[in-house]
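The structure under discussion appears below in the form of structure tokens.
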Amino acid sequence: QVPQMAGKGAPLSIRIIELEKLLNSTWSATEQIMHGEWLFRASGKYTMRANSVLPQGAPPYGEPEKNIDEAISDVVAFYADRNLEPIFHLPLPIYHELSSYLLAHGWVEKLRAQVQVLDIEVTQINSDSVLEVSSLCDAEWLAVQGDEMLLTLMETTPARYYILKKNGEAVAALRAGIRDEWTVISRLYVRPEFRGSRIGQELMLLVFNNLYSLGITKAALQVDISNEAAIALYKSLGFRKHHEYSYVIQSSES
């Protein structure tokens with residue numbers, strides 16, 4: 001049997017929903033509640049993915065438990081109770097109609113991003129760097145990243161935490177969420193003084209070699225469509241666009 005390629009096989013709408021569920025499973029909110037097929041998520045203000053409503057049902061609106069206006073009102077009330085900004089996370093194009101409905105009723109798009117996927121292969125790489133890995137987010141990793149505020153959120157789901165060192169000095173780090181044969185790459189960070197020297201690419205290739213040895217053969221990540229440098233890096237590694245998604249927020253004037 002030929003292994004199914006990342007992001008291939010099922011109809012696009014099903015693939016998108018399944019991939020979004022995968023992404024959610026490796027970056028899970030501390031509070032998650034289903035309202036019909038809408039997943040309400042809250043995590044104390046840190047990251048929009050963990051503080052937004054993700055529709056998961058059939059188009060056009062993702063199968064909320066109530067009519068669309070009442071369902072939207074429930075979203076507003078849910079986040080108001082938690083002193084958070086109401087946000088929809090809308091995978092596209094399957095929820096284009098829901099996006100259009102919200103925009104027509106005073107909501108605004110805050111950010112547009114891509115989900116990209118990759119079939120992992122072993123790459124021969126000449127490197128004098130040292131790759132360190134842990135299943136826990138330790139103080140050294142946090143010192144590179146400065147992600148102390150996200151510690152509780154990151155440790156809610158299984159992941160591997162990588163640090164790239166040169167001459168004993170930590171120069172880059174990333175988080176690789178783990179689910180079955182998939183990894184979801186996030187929190188990639190290269191120290192400013194080492195940028196422009198292909199450190200990010202070196203780290204990613206070494207990480208993929210490590211993950212492949214564990215039987216992990218598919219990778220996914222999310223990237224802001226305005227981040228041209230990151231998109232160029234991921235393209236050089238073989239990532240391909242799977243779909244886009246939009247964060248839509250309630251306008252202060254609506």
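Taken residue by residue, segment 38-51 has no member that is of a type in the set (Val, Ile, Thr) and closer than 23 Å to Ser100 by Cβ.
Residues in segment 188-202 that are modelled with pLDDT of 90 or more and open to solvent by 80 Å² or more (accessible area, probe 1.4 Å): Glu193, Arg198.
The residues of segment 170-184 that are of a type outside the set (Ser, Thr, Tyr) and open to solvent by less than 10 Å² (accessible area, probe 1.4 Å), listed by number, are Val171, Ala172, Ala173, Leu174, Arg175, Ala176, Gly177, Val184. Residue count for segment 48-91, restricted to those that are out of contact with any helix residue (DSSP H, G or I) (no Cβ under 7 Å at 6 or more places or on another chain) and either outside any loop (DSSP other than H, G, I, E, B) or open to solvent by less than 40 Å² (accessible area, probe 1.4 Å) (or both): 17. Here is the figure for segment 215-236: residues that are of a type in the set (A, V, I, L, M, F, W, C), open to solvent by 20 Å² or more (accessible area, probe 1.4 Å) and modelled with pLDDT of 95 or more total 2.
Of all the residues in segment 105-117, those that are over 24 Å from Glu228 (Cβ atoms) and either open to solvent by 80 Å² or more (accessible area, probe 1.4 Å) or touching a helix residue (DSSP H, G or I) at 6+ places or on another chain (Cβ under 7 Å) (or both) number 1. Considered as a group, the residues in segment 203-228 that are touching a helix residue (DSSP H, G or I) at 6+ places or on another chain (Cβ under 9 Å) and not in a strand (DSSP E or B) include one that is nearest to Arg191 (Cα to Cα), and that residue is Met204.
To keep it simple, each residue is scored yes or no on (1) buried (at least 17 other Cβ atoms within 10 Å of the Cβ); (2) more than 16 Å from Phe208 (Cβ to Cβ); (3) touching a Pro at 6+ places or on another chain (Cβ under 8 Å); (4) modelled with pLDDT of 95 or more.
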| site | (1), (2), (3), (4) |
| --- | --- |
| Asp119 | no, no, no, yes |
| Asp128 | no, yes, no, no |
| Ser135 | no, yes, yes, no |
| Trp141 | yes, yes, no, no |
| Leu150 | yes, yes, no, no |
| Tyr162 | yes, no, no, yes |
| Gly168 | no, yes, no, no |
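The values are calculated or read from the model by the stated rules, or taken from the named source; none is laboratory data. Keep in mind that this is a model prediction, so the values were computed, not measured. Glycine also receives a Cβ, built like all others from the backbone with ideal geometry; neighbour counts cover every protein chain displayed. Just so you know, the surface numbers come from the protein's heavy atoms only, side chains and all, with ligands and any DNA or RNA stripped out. Shrake-Rupley method; radii C 1.70, N 1.55, O 1.52, S 1.80 Å.
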